[in-house]
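Engineer: After the structure tokens below, expect a handful of questions from me.
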Amino acid sequence: MNRITTSILIALVAGVFFIPFLGNVHLFDWDEINFAEAAREMIVLKDYLRVHIDFQPFWEKPPFFFWLQALAMNVFGVGEFAARLPNAICGIITLILLYHLGEQLFNRRFGLLWVACYFGSILPHLYFRSGIIDPWFNLWIFLGLNGVIFFRWKKDRFSIRLPRGQWFYLLLGGFLLGIGMLTKGPVAFIIVSLTLGVYFVLNGFKFYISPLQFIIFALMTSVVTAIWYGIETYKNGFWYLQEFIKYSYRLFSTPDAGHGGFPGYHFVILFFGCFPASTFALRALSFRSQAGETDYQRDYQKWMVILFWVVLILFTIVKSKIVHYSSMCYFPLTYLAALTLQRMWEGRVRFSTWMKVSLIVSGGIFVLLTIALPILSNHINWIQSKIANDTFAVANLDAKITWTGWEATPGVVLAIVLAAGLYFFNRQQYSKGVTTLFLGTAVFITLTLGFFINRIEGISQAAAIRFLEARQGEDCYIVTYRYRSYAPYFYARQQPGRHLSSWQDDWALRSPEVDKPVYVITKNYFEAETDTMPQLQKIGSENGFVFYKRK
């Protein structure tokens, strides 16, 4: 089977898993709704240059991902499918690129192993079915770094065959990294620069890329980012950049918006979230190469280990702890997992007892969770008694959700997949073991989404979304009280025509100048407080959300 045919098959399998049912569940607060709303407002305002939220300038993110979402919404309409489609396409592109890169580094089998590890691990797979920025952001960073790696190999005459000249790879890497900066900001350049710096130190302080060459690389990145940052600054001054820098510093120095966590947060997330690839990656998470490997194979392992630790340590230092902050680790982690599997296939590494235990522990957590949840659904009163102090969570669990018992199916499937995978690995039947474990995990993810995601959404936010969707087309203000949400903007399809003072805090809630009906949503934590406000009339409550209208 040639490379083109294999690429087409990878695209078809990925498309079957990633694209169907993207629109079957509402977007989730905050990030999914936030980003989709930015894209929607681009369409409403016909302004694709500046990012807006609530029709006010939004400085937290650059526009590239929103351009993709807006394009999808112009084609498929504003909604969940269009908001998530760009990442599904990113998933297909990523897997094809990994196959081609893996084949170039080793052989066709390694390319397929790398694809299997990325496609069949829980968080890497799941992110391609979401509406968040990180899949595209990570891809641009990874490709930008590979541009520098290929430049170094060409310049220093590594034994790999590269068809282009060294400057092509350096400039291409800078260009792609520039798109990464247009996707989520300067952290793309920081990650690559730190990786290059650590490699420089570990390479004995030898200049594999000269200061002048690095400056040219950085200038190429800057030229790309100037397409937007420069125009924005020229048109509107330095305000955006100042606010963006303040926001980035706040994320780094404080647990922003309550997103705190313990120091080992991302270690735990990567180990369990990247099941089953994380187990195999542990075996190659060092600079130790195998006899018979080429100079570029040994060097690429070094690059991937450095990239993994740079990202992991950087976001361990960052005070805000959010799952997708360490998602850049998925590329090196799945590469190292594929490297271990390749070495096992060649008889250089054995499937050891600690690997079996690691797979059983990490996979067993998901088996237990997906089997336990349907059982616990029959004991809602007991759960509520254990969390009685959290009135909002207690009310969430009053949602009318039907549990049939079949929701345990994904857990049963994963248990079978895990047992079968271990059986094949123990007998060194690696082809069957890899196919069973990684394809089986992808099936498990799909089944889990099918059985659980609508129920989780029904418990957590569906009541508020239903209220907001009922307000679509009504010329009104909708505000949340004492909690933050982007859902009123997107799901009520709010429009820009409004009073100039309406963006001021509490204006819609308290000002006598209000020129439209006002709806207020709060959580039952604050119900007693809002009940005492004479200007508000309670019009309903559901699952912990309380709804008011100004009299």
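The values are calculated or read from the model by the stated rules, or taken from the named source; none is laboratory data. Just so we're clear, the structure is a prediction, and the values are computed from it rather than from any experiment. Cβ sites come from the backbone with ideal geometry, for glycine too, and all protein chains shown count toward neighbours. Ligands, DNA and RNA are excluded from the accessible area calculation, which covers all protein heavy atoms including side chains. Shrake-Rupley method; radii C 1.70, N 1.55, O 1.52, S 1.80 Å.
Engineer: For region 1-40, which whole percent of the accessible surface, found with a 1.4 angstrom probe, sits on carbon and sulfur atoms? Could the numbers behind the result be given before it?
Structural biologist: Details: 1300 of 1790 Å².
That fraction is 72 percent.
Engineer: Among Lys184/Lys302; Lys516/Lys549; Lys356/Lys432; Lys321/Lys523; Lys206/Lys302, which pairs are too far apart, with a Cα-Cα distance over 19 Å?
Structural biologist: Details: Lys184/Lys302 26 Å; Lys516/Lys549 11 Å; Lys356/Lys432 16 Å; Lys321/Lys523 24 Å; Lys206/Lys302 15 Å.
Going by Cα-Cα distance, Lys184/Lys302; Lys321/Lys523 fall outside the 19 Å limit.
Engineer: On to the next question. Out of the total accessible area of region 162-246 (probe 1.4 Å, heavy atoms of protein only), what percent is carbon and sulfur? Walk me through the numbers on the way to the answer.
Structural biologist: Details: 3260 of 4270 Å².
For region 162-246, the apolar C and S fraction of the accessible surface comes to 76 percent.
Engineer: Label-point separation (nm) for Ala420 and Arg164, each offset 7 Å from Cα along Cα-to-Cβ?
Structural biologist: 4.2 nm
Engineer: Between Ser193 and Arg427, what is 0.36 nm times their sequence separation minus the Cα-Cα distance? Round to one decimal in nm. Walk me through the numbers before you get to the answer.
Structural biologist: Values: separation 234, 0.36 × 234 = 84.24 nm, distance 4.36 nm.
Contour length minus Cα-Cα distance gives 79.9 nm.
Engineer: Something else about it: Run the reach check for Lys551 against aspartates and glutamates, Cα to Cα strictly under 14 Å, same-chain hits fewer than 8 apart removed. What comes back?
Structural biologist: Correct list for Lys551: Glu513, Asp515, Asp531.
Engineer: Kindly give Rg over Rh for region 1-98, based on alpha-carbon atoms, with the Kirkwood expression for the hydrodynamic radius. Don't skip to the end; give the middle numbers.
Structural biologist: Numbers: Rg = 15.3 Å, Rh = 14.5 Å.
Answer for region 1-98: 1.06.
Engineer: If you don't mind, another one. Given 0.36 nm per residue, what is the gain on full extension from Gln472 to Trp406 after removing their alpha carbon distance, in nm?
Structural biologist: Details: separation 66, 0.36 × 66 = 23.76 nm, distance 3.53 nm.
Gain in length upon complete extension: 20.2 nm.
Engineer: Considering only the other residues whose Cβ falls under 15 Å of the Cβ of Glu469, what net charge follows from Lys and Arg at +1 and Asp and Glu at -1?
Structural biologist: Neighbourhood net charge equals -2.
Engineer: Here's something else I'd like to know. Report the relative contact order of the chain, percent, no decimals, based on alpha-carbon pairs under 8 angstrom and at least 6 residues apart.
Structural biologist: Numbers: 768 pairs, mean separation 78.2, N = 551.
About 14 percent, as a whole number.
Engineer: Something else about it: With the crude spin-label approximation of a point 7 Å out along Cα→Cβ, what separation in nm comes out for Arg510 versus Val268?
Structural biologist: For Arg510 paired with Val268, the spin-label model returns 4.0 nm.
Engineer: With Rg/Rh (Cα atoms, Kirkwood Rh) as the read-out, I listed [x] 0.99; [y] 1.07; [z] 0.97; which label goes with the value calculated from this structure?
Structural biologist: Computing Rg/Rh (Cα atoms, Kirkwood Rh) and matching it to [x] 0.99; [y] 1.07; [z] 0.97 gives [x].
Engineer: Please identify the DSSP H helices in the chain that span no less than 15 Å along the helix axis (Cα) and have a mean Kyte-Doolittle hydropathy of 0.5 or more. Walk me through the numbers before you get to the answer.
Structural biologist: Working: long enough: 3-18 (22 Å, 1.97); 31-45 (21 Å, 0.34); 64-76 (18 Å, 1.58); 80-105 (38 Å, 0.98); 108-119 (16 Å, 0.84); 134-155 (31 Å, 0.36); 166-184 (28 Å, 1.21); 187-202 (22 Å, 2.59); 211-226 (22 Å, 1.80); 239-253 (21 Å, -0.27); 295-317 (33 Å, 0.76); 330-345 (22 Å, 0.56); 353-376 (33 Å, 1.91); 409-426 (26 Å, 1.76).
Helices meeting the criterion: 3-18, 64-76, 80-105, 108-119, 166-184, 187-202, 211-226, 295-317, 330-345, 353-376, 409-426.
Engineer: At a 1.4 Å probe, what is the % contribution of carbon and sulfur to the accessible area of region 258-391?
Structural biologist: On the way: 3680 of 5610 Å².
Carbon and sulfur: 66 percent of the exposed surface of region 258-391.
Engineer: First select every other residue whose beta carbon is under 11 angstrom from the beta carbon of Glu527; then total the charges, Lys and Arg +1, Asp and Glu -1.
Structural biologist: Details: positive: Arg482, Lys523, Lys538; negative: Glu529, Asp531.
It works out to a net charge of +1.
Engineer: Give the accessible surface of region 250-398 per residue, rounded to a whole number of Å², with probe radius 1.4 Å and ligands, DNA and RNA excluded.
Structural biologist: Details: 6320 Å² over 149 residues.
It amounts to 42 Å² per residue over region 250-398.
Engineer: Keeping every protein chain present and rolling a 1.4 Å probe, give me the accessible area per residue for region 107-237 in Å².
Structural biologist: On the way: 5100 Å² over 131 residues.
For region 107-237, the solvent-accessible area averages 39 Å² per residue.
Engineer: So, R0 is 41 Å and r is the distance between the beta-carbons of Trp354 and His379; what FRET efficiency does that work out to, to 0.05?
Structural biologist: Working: r = 36 Å, r/R0 = 0.88.
Once rounded, the FRET efficiency stands at 0.70.
Engineer: Kindly provide the pair-distance distribution of region 117-271 built from C-alpha pairs, with 10 Å bins from 0 and whole-percent values in order of increasing distance.
Structural biologist: Over region 117-271, the share of Cα pairs per 10 Å bin runs 10, 29, 34, 23, 4, 0 percent.
Engineer: Okay, moving on. Along the principal axes of its C-alpha atoms, what lengths does region 316-443 span, in descending order and rounded to whole Å?
Structural biologist: 57, 39, 23
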